């Protein structure tokens, strides 16, 4: 049954499509953060192992909330690796060292790219598609990514 929440079906589809892209980005970032947790090698190994774990646990909650928001809008969330790879804006680097600073720089770039993507959609969701709820929802997600980016950035000083 389709959602009847005062937003045109075409607008719900448009918002869900953008949220699907965000979900893909979140999944890729989650996976890259897990990789950092598993494979970091540096003198600060123990601290970074715990730090990356805290970050991927937060991203797990973000992913779930984005997928559930898509469902609340009456659409299905992407849930396969192929769909995530086709929708994401992020890339995977290969051949990097497993140094904590390399991981931090890459993860920071990804968080900042997600922040920009979210920021570009906040007003569009509210003004163009009449979905103030999703606009508010992604504003909260942006704030979470800003905090996580700050924590990564603080390691680079």
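Coordinate-derived values only; no laboratory data. All of these numbers come straight from a predicted model, not from anything done at the bench. Neighbour counts run over all protein chains shown; Cβ positions are idealised from the backbone, glycine included.
Put a dot 7 Å past each Cα toward the Cβ at residue 60 and residue 11; how far apart are the dots in nm?
If labels sit at residue 11 and residue 60, their model points lie 3.6 nm apart.
Starting from the Cα of residue 153, step 7 Å along the direction of its Cβ; do the same at residue 72; then give the gap between the two resulting points in nm.
So the label points at residue 153 and residue 72 sit 2.8 nm apart.
Multiplying the sequence separation of residue 50 and residue 81 by 0.36 nm and subtracting their Cα-Cα distance, what value in nm do you get? List each step's numbers first, then the result.
Working: separation 31, 0.36 × 31 = 11.16 nm, distance 2.61 nm.
The residue 50-residue 81 span can extend by a further 8.6 nm.
Which value in nm describes the separation of the simple spin-label points at residue 123 and residue 38, placed 7 Å from the Cα toward the beta carbon?
Result: 4.2 nm between the two label points.
Report the dimensions of the chain along its three principal axes from the alpha-carbon atoms, largest first, rounded to Å.
55, 30, 21
Return the FRET efficiency for the residue pair residue 143, residue 3: r is the Cβ-Cβ distance, R0 is 30 Å, and the value is rounded to the nearest 0.05.
0.70
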